[in-house]
Amino acid sequence: MATLPVGGIDISNGVRFEQQPSKTWLIDTAAKRIRGETEGLAAVRQAVEIILNVERFRWQIYRPYSGMQWDGLLGRDPGYVASELQRRIRDALMMDDRVRGISGFTYSVDGDILTASLTVNTVYGDTQTTVEVTVD
């Protein structure tokens, strides 16, 4: 009895990976409706916004690796939040294979609000985004 699966697939010549289309539904946040489809940079920009606005591990509708881990950042020291926020954003966004990295991470503190601005580097080009965290 064989312990490994036996099949007709021959991978001795290697495996070829193909980029899947990034077509998705276009969410119109102003009208709170779906307005058709989008792809490319616009689809990645929309995915970035969703990833950064969904708490990781909280909602069963999303996969466990999807979303941003905000828990433990609210009300903390601004220096800690800034460094941890950069790491957590990178970890969250790198789950999407269309994202190549983040750059240009800057932050400012105004009262008890830390605002971070960054550039998300994707296979389709770069896009800017900002996030805000309440600090102590």
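The values are calculated or read from the model by the stated rules, or taken from the named source; none is laboratory data. Being a predicted model, the structure only gives us computed values, none of them experimental. Note that each Cβ is placed from the backbone with ideal geometry, even for glycine, and that neighbours are counted across all protein chains shown.
Quick notes
- When restricted to residues that are hydrophobic (A, V, I, L, M, F, W, C) and surrounded by 10 or more Cβ atoms within 10 Å (Cβ to Cβ), region 1-57 contains 15.
- Qualifying position, being assigned to a loop (DSSP other than H, G, I, E, B) and either modelled with pLDDT of 80 or more or closer than 29 Å to S117 by Cβ (or both), among W59, W25: W59
- Taking the criterion of being more than 15 Å from the chain's Cα centre (by Cα), in contact (Cβ under 8 Å) with a residue 12 or more places away in the chain and surrounded by fewer than 14 Cβ atoms within 10 Å (Cβ to Cβ), the residues of region 105-124 that qualify are T106, D112, I113, T115.
- Only residues that are under 16 Å from Q128 (Cα atoms) and among the hydrophobic types (A, V, I, L, M, F, W, C) were counted across region 93-115, and they come to 5.
- Exactly one residue among T129, T115, T106 is of a type in the set (S, T, Y) and touching a helix residue (DSSP H, G or I) at 6+ places or on another chain (Cβ under 8 Å), and that residue is T129.
- Counting only residues that are surrounded by 12 or more Cβ atoms within 10 Å (Cβ to Cβ) and over 23 Å from Y80 (Cβ atoms), region 125-136 holds 2 of them.
- Taken together, the residues in region 69-104 that are within 17 Å of A47 (Cβ to Cβ), free of Cβ contacts under 8 Å to residues at least 40 places away in the same chain and hydrophobic (A, V, I, L, M, F, W, C) amount to 2.
- Test: L114 is modelled with pLDDT under 95, over 30 Å from F17 (Cβ atoms) and part of a strand (DSSP E or B): yes
- Condition check for R98: among the basic types (K, R), touching a helix residue (DSSP H, G or I) at 6+ places or on another chain (Cβ under 8 Å), surrounded by 13 or more Cβ atoms within 10 Å (Cβ to Cβ) and modelled with pLDDT of 90 or more: yes
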